[in-house]
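Worksheet: one structure, shown below.
The values are calculated or read from the model by the stated rules, or taken from the named source; none is laboratory data. Values in this document were obtained by computation on a predicted structure and should not be read as measured data. Cβ placement follows ideal geometry from the backbone for every residue including glycine, while neighbour counts extend to all protein chains displayed. Ligands, DNA and RNA are excluded from the accessible area calculation, which covers all protein heavy atoms including side chains. Shrake-Rupley method; radii C 1.70, N 1.55, O 1.52, S 1.80 Å.
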Amino acid sequence: MTAGLLVVDKPAGWTSHDVVARVRRLAGTRRVGHAGTLDPMATGVLVIGVERATRLLTHLTGATKSYTGTIRLGEATVTDDAEGQVTDRADALAVAAVTPQRLASAVARLTGEIQQVPSAVSAIKVAGRRSYARVRAGEDVELEPRRVTVSRFEVLESRRDATGDGTAVLDVDVRVDCSSGTYVRALARDLGADLGVGGHLTVLRRTRVGPYALDVARTLDELAVSFSLLSLEEAARAAFPVRELDAEETRRLRHGMRVAASPAGAEPGLPVAAFAPDGSLIALICEQGSVARPVLVVAPA
């Protein structure tokens, strides 16, 4: 199996591990991984690496991400999404008092660089165990806040409704662009808390991971009919700044040696994809002062 990336449109109800297992069968290899988990209820872009391309995934996990979703105001749940038990319901008057102006102000307070406490039902490890496992075992889990960036938190539409038991709710369709590590479930929870009515996420669709968007994503059914990969070279050129090497630089990087920094300069600490004269991907490199060092050598020595 040739190494490369897949951009999968994950279906609802599947875990990210389920998708990896399916791709392993389609690709005929165990060497498959993903760049960033999606919750089972979520759909959309899941970047999958096959064979040597799995080594790129660490450097893609931190890419910015985009989502569309629906936040239900008026109910809070234990998981901060629709899969969890409802823990609190606001009265109808409190939900009715959420005006467009109040909603816009609360959204603005959750935009930019913020301190966010991840959802307790997350994959973050606490003393060696996943937080969600501790919650499901009946433990109370309090995670530390982390700094994240929400570059866009936009209300697309809102509509008032009532649940099956008559609880008044306000459903808000949103678009979110954010840094890696941001939990949209936590945005829903915090938006509801700010407005005093509680909130949780009912729909989530990831529309982009770094440069990879839904327009290049394929469903598992489509992949079952026609399985093909983005090559290492295509994937790297789309995801990273590019440096073209000469023959001597290629030789040095193949052996894990440093090369001179690019005369054009590169942003310190950010990976750059380095390509041989024949167009093959050799390494990801980072510049430090006057030199560039390999952080990942892809090509064999």
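The table below lists the values:
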quantity: All positions within the range 219-248 that are within 20 Å of Arg55 (Cβ to Cβ) and either touching a Lys or Arg at 6+ places or on another chain (Cβ under 6 Å) or part of a helix (DSSP H, G or I) (or both); calculated: Leu232, Glu233, Glu234, Ala235, Ala236, Arg237, Ala238, Ala239
quantity: Residue match in the range 203-217 (condition: at pLDDT 95 or above and in a loop (DSSP other than H, G, I, E, B)); calculated: yes
quantity: Residue count for the range 43-99, restricted to those that are within 18 Å of Gly33 (Cα to Cα) and of a type in the set (Ser, Thr, Tyr); calculated: 4
quantity: Unmet criterion (only one of (1) in a loop (DSSP other than H, G, I, E, B); (2) in contact with a Cys (Cβ under 7 Å, 6 or more places away or on another chain)) for Pro263; calculated: (2)
quantity: Set Pro277, Pro263, Pro300, Pro268: member being over 30 Å from Asp18 (Cα atoms), open to solvent by 60 Å² or more (accessible area, probe 1.4 Å) and modelled with pLDDT of 95 or more; calculated: Pro277
quantity: All strands (runs of 3 or more DSSP E) inside the range 21-82 with 3 or more residues being in contact (Cβ under 8 Å) with a residue 60 or more places away in the chain; calculated: 43-50, 65-73, 75-77
quantity: Among residues of the range 162-192, those that are free of Cβ contacts under 8 Å to residues at least 24 places away in the same chain and not in a strand (DSSP E or B), counted; calculated: 3
